[in-house]
Amino acid sequence: MPTATAAPRAIYCDTLLQELKTEMRQTALRRRAACDPVAVGQLLSEHVLRECPPEPGQVAALFWPMAGEVDIRPLLHALAARGQTVCLPVTTKRNNPLIFKQWTPEKPLLAGRFGTSHPDGPELMPGWLMVPLLAFDRDGHRLGYGAGYYDRTLAALPQAFTVGAAFAALEVPEVPAGPDDVALHAIATEHGVIRCRST
């Protein structure tokens, strides 16, 4: 069955775009506070493993969850147990893309910028990425924290398959997006995996 095509999207000036994103972030953080990261993370992990896992031999980039984010650690451990090569992002200086370092369950994590955590392993280039977000729509547009790290990273990895990790409650009709915002191929929630219309 063909994928539905994306509807025309609104075009915003830079100032209005940032105002709309700021307002949506505040709303998303309030909604997220009512969600259960552990319970949602377990269900989300099961859906991803069944519906859109990384291919065997593919390097998979995930993230170590910060407070309030979906707890995807069950997925990290399940992929490692399958023999998948897994890496986590390292937040670099502003205006740069992320880099990714290999993670294994026994590796200690180091404290990174903005409350992130990452291993001190070899640097890898992923072909499958799981991305955190604060809000999403069915065109695959995501609202992040505002620093643009993932948009720069995804633009530099155009061949990679990308999936957002989200609470279902964070879905919105349309995420305000500009020309530098990169859409995801899929969104995973506790209800299943959504294949996005614009990809």
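Measure out, as a whole number of angstrom, how far apart the alpha-carbon centroids of the range 105-132 and the range 149-181 sit.
The range 105-132 and the range 149-181 have Cα centres spaced 19 Å from each other.
Can you say what percent of the DSSP beta bridges in the range 91-166, counting only those with both residues inside, are antiparallel? Round to 5.
55 percent
Averaging sequence separations of C-alpha pairs under 8 Å and six or more residues apart, then dividing by the length of the chain, give the relative contact order as a whole percent.
That works out to 24 percent.
Quick one: pull the percent of accessible area on the range 77-119 belonging to carbon and sulfur, 1.4 Å probe, ligands and nucleic acids left out. Walk me through the numbers on the way to the answer.
Values: 1210 of 2330 Å².
The computed percentage sits at 52.
If you look at just the Cα atoms of the chain, how large are its Rg and its Dmax in Å?
Here Rg and the maximum Cα pair distance are 16.0, 47 Å.
Any idea which of Leu44, Pro105, Tyr150 is furthest toward the positive side of the dipole for the range 44-170, if Lys and Arg beta-carbons carry +1 and Asp and Glu beta-carbons -1?
The listed residue farthest towards the positive side: Tyr150.
Considering only protein heavy atoms, what is the solvent-accessible area of Leu49 at a probe of 1.4 Å, reported in Å² to the nearest 10?
Taking all protein chains as shown, Leu49 has close to 40 Å².
Roughly how much of Cys52 is accessible, in Å² to the nearest 10, using a 1.4 Å probe?
Rounded to the nearest 10, the figure is 10 Å².
Which order do the peptides 17-30, 170-183, 133-146 come out in when sorted by mean C-beta neighbours inside 10 angstrom, highest first? Walk me through the numbers before you get to the answer.
On the way: 17-30: 14.7, 170-183: 17.1, 133-146: 21.9.
Going from most to least packed, we get 133-146, 170-183, 17-30.
How compact is the range 74-190 by the rule of thumb for globular proteins, expressed as Cα Rg over 2.2 N^0.38 Å?
Ratio of Cα Rg to 2.2 N^0.38 Å: 1.06.
Is the range 61-103 rounded, prolate or oblate when judged by the Cα gyration tensor, a ≥ b ≥ c being the square roots of its eigenvalues, rounded requiring a/c under 1.5 and prolate requiring a/b larger than b/c?
Working: a/c = 4.09, a/b = 1.45, b/c = 2.82.
Oblate, because a/c is 1.5 or more while a/b does not exceed b/c.
Relative to the Cα centre, what is the charge dipole magnitude of the range 59-139, using +1 at the beta carbon of each Lys and Arg, -1 at the beta carbon of each Asp and Glu, and rounding to the nearest 20 debye?
For the range 59-139, the charge dipole is close to 160 debye.
Accessible area, 1.4 Å probe, largest first: how do Trp128, Trp64 sort? Don't skip to the end; give the middle numbers.
Numbers: Trp128 5, Trp64 60 Å².
Listed by decreasing accessible area, they come as Trp64, Trp128.
Suppose we keep just the DSSP beta bridges with both residues in the chain; what percent of those would be antiparallel, to 5?
In the chain, approximately 50 percent of DSSP beta bridges are antiparallel ones.
Contour minus end-to-end for Ala81 and Ala156, with contour as 0.36 nm per residue of separation and end-to-end as the Cα-Cα distance? Can you show the working numbers first?
On the way: separation 75, 0.36 × 75 = 27.00 nm, distance 2.87 nm.
Answer, rounded to one decimal: 24.1 nm.
Bin by bin, in steps of 10 Å, what percent of the Cα pairs in the range 98-167 do you find, going until the bin that has the longest distance?
Using 10 Å bins, I get a P(r) of 17, 48, 32, 4 for the range 98-167.
Quick check on the range 34-133: what does the Kirkwood estimate of hydrodynamic radius come out to from the alpha carbon pairs, in Å?
Result for the range 34-133 stands at 13.9 Å.
The values are calculated or read from the model by the stated rules, or taken from the named source; none is laboratory data. Worth saying up front: this structure is predicted, and the values here are computed from it rather than measured. When we count neighbours, we look across all protein chains shown, and the Cβ atoms used for this are built from the backbone with ideal geometry, even at glycine. Remember, those area values only see protein heavy atoms, side chains included, never the ligands or the DNA or RNA. Shrake-Rupley method; radii C 1.70, N 1.55, O 1.52, S 1.80 Å.
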